[in-house]
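The next block holds one structure in the form of structure tokens; read it before the comments.
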Amino acid sequence: MILHQSSRKESNCETMATDDFISDLPDEVLATIISGLPAIEAIRTTILSKRLKDVWRNVSRLDFDPKGVKKLFPAPNQLRSTVPVIQFGSNVCHDEGDDIDDTDPREEISRVVKNIDNVLLSHERNLISCRIVHLSNSYTSGDVEKWIKYLTSEKEVQELAFLCDDFQHEFYLVSHFGWGLNLSSGIFSCRTLQSLEFTNYGIRFHRPFHHCHNLKTLKLYYCDISSETLEAIVSSFDFMEHLSVCSSTSSLKQVRIFSQTVKTVELESLDLEGIYLSTQSLGALVLHSMKFPARRLVIHAPNLRVFTATRKPITKNSDNITKIAEILEYCTHLLLMIQWKT
């Protein structure tokens, strides 16, 4: 009896082992599933099944995120036993001869970033979106501009996001915002590009945003940008519909938006001297944990329907946040125009 049960279990295991459900899925489905993975993990799926060997080359989204990079790229002395070498054409993900300090996060991130070129060149279809997390040396060396030009011209990307990781991890005591995002004029004028996101950049010039005829969404997180530059950038967009600005430096003293196309404005954690909005198309305004004189909130938006004001949980610094009651005191007309949410 025991032998019979054991035989049945072995038979079931053999059946499960021979059933390869992955191989039965269409390429489109596999590519959609893998598109949700960080780029390096998507490529690593090639070791799971022969069926997945080249599927990653046709994903519609690429996310170069170095989070968890220790797991993906262990120290060189661990490579042989834990991580298979992943081929990118004639190149590989890592070089065992590299002198890498695996205790330094910058070195870990660099090991991922240096393979971006290889991945992009090996990828075979156009992209819906691409997100790249990098260190400042990728910007100063010209890699960021090179990636932007390649993604917009060769991949016809629709959504682009860049994050400079130096500031996030506080690697440097001196701020590098002074470098500025000094890219070529009109570099974002690609006909397919619709959404652009920057995190931890110094944006000193509006020239890169010239002739942005098709861009509809701009998101700026933890960026150093002046009021004048932000206003000029918004004016460069022919069809901007959504603007998000979060946690800028003191260079941003006012938010002034004069546009006939902007539909949604989101402002978060900004310390401003005033907010001035004049747009016929604005339908939604979101203010989160903002500090500004309520009397200097000037809104001319006849089509505004949703005005959301929120604040972070009460802390010792909460008193600095502009209170909802203050906004209502100076903007009583909003009660007649919008749905108020807190």
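The values are calculated or read from the model by the stated rules, or taken from the named source; none is laboratory data. For clarity, every value in this text was computed on a predicted model and none was experimentally measured. Note that each Cβ is placed from the backbone with ideal geometry, even for glycine, and that neighbours are counted across all protein chains shown. Side chains included, ligands, DNA and RNA excluded: accessible areas come from the protein's heavy atoms. Shrake-Rupley method; radii C 1.70, N 1.55, O 1.52, S 1.80 Å.
Which one of 272, 336 is at pLDDT 90 or above and not assigned by the TED database to the domain that holds residue 225?
Numbers: 336 fails: at pLDDT 90 or above.
Of 272, 336, the one residue that is at pLDDT 90 or above and not assigned by the TED database to the domain that holds residue 225 is 272.
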**Item:** Residue identified as among the hydroxyl-bearing types (Ser, Thr, Tyr), crowded, with 16+ Cβ neighbours inside 10 Å and not assigned by the TED database to the domain that holds residue 187 among 236, 259, 226, 244
**Value:** 259
**Request:** Would you confirm whether any residue within the stretch 119-135 is touching a Gly at 6+ places or on another chain (Cβ under 7 Å), assigned to a loop (DSSP other than H, G, I, E, B) and modelled with pLDDT of 65 or more?
**Result:** no
**Message:** Of all residues being surrounded by 17 or more Cβ atoms within 10 Å (Cβ to Cβ) and in a loop (DSSP other than H, G, I, E, B) in the stretch 211-223, which is modelled with the highest pLDDT? Just the residue, please.
**Reply:** 216
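For residue 217, state whether it is within 19 Å of the chain's Cα centre (by Cα), on the phi < 0 side of the Ramachandran plot and among the β-branched types (Val, Ile, Thr). Break it down stepwise before answering.
Values: within 19 Å of the chain's Cα centre (by Cα): yes; on the phi < 0 side of the Ramachandran plot: yes; among the β-branched types (Val, Ile, Thr): yes.
Considered against the rule, which asks whether it is within 19 Å of the chain's Cα centre (by Cα), on the phi < 0 side of the Ramachandran plot and among the β-branched types (Val, Ile, Thr), residue 217 comes out as yes.
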**Asked** When the stretch 277-300 is examined, which residues are found to be crowded, with 16+ Cβ neighbours inside 10 Å and either outside the structural domain of residue 325 (by the TED database) or not small (Gly, Ala, Ser) (or both)?
**Response** 277, 279, 282, 285, 286, 287, 288, 290, 292, 297, 299
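Kindly establish whether residue 183 is open to solvent by less than 20 Å² (accessible area, probe 1.4 Å), of a type outside the set (Ser, Thr, Tyr) and modelled with pLDDT of 95 or more. Spell out how you get there, then give the answer.
Values: open to solvent by less than 20 Å² (accessible area, probe 1.4 Å): yes; of a type outside the set (Ser, Thr, Tyr): yes; modelled with pLDDT of 95 or more: no.
So residue 183 does not fit the description; no.
Residues being out of contact with any strand residue (DSSP E or B) (no Cβ under 8 Å at 6 or more places or on another chain) and touching a residue at least 12 places away in the same chain (Cβ under 8 Å): count how many of those fall in the stretch 228-252.
Here is the first cut: in the stretch 228-252, the ones out of contact with any strand residue (DSSP E or B) (no Cβ under 8 Å at 6 or more places or on another chain) are 228, 232, 239.
Restricting the remaining residues to those that are touching a residue at least 12 places away in the same chain (Cβ under 8 Å) gives 232, 239.
The total comes to 2.
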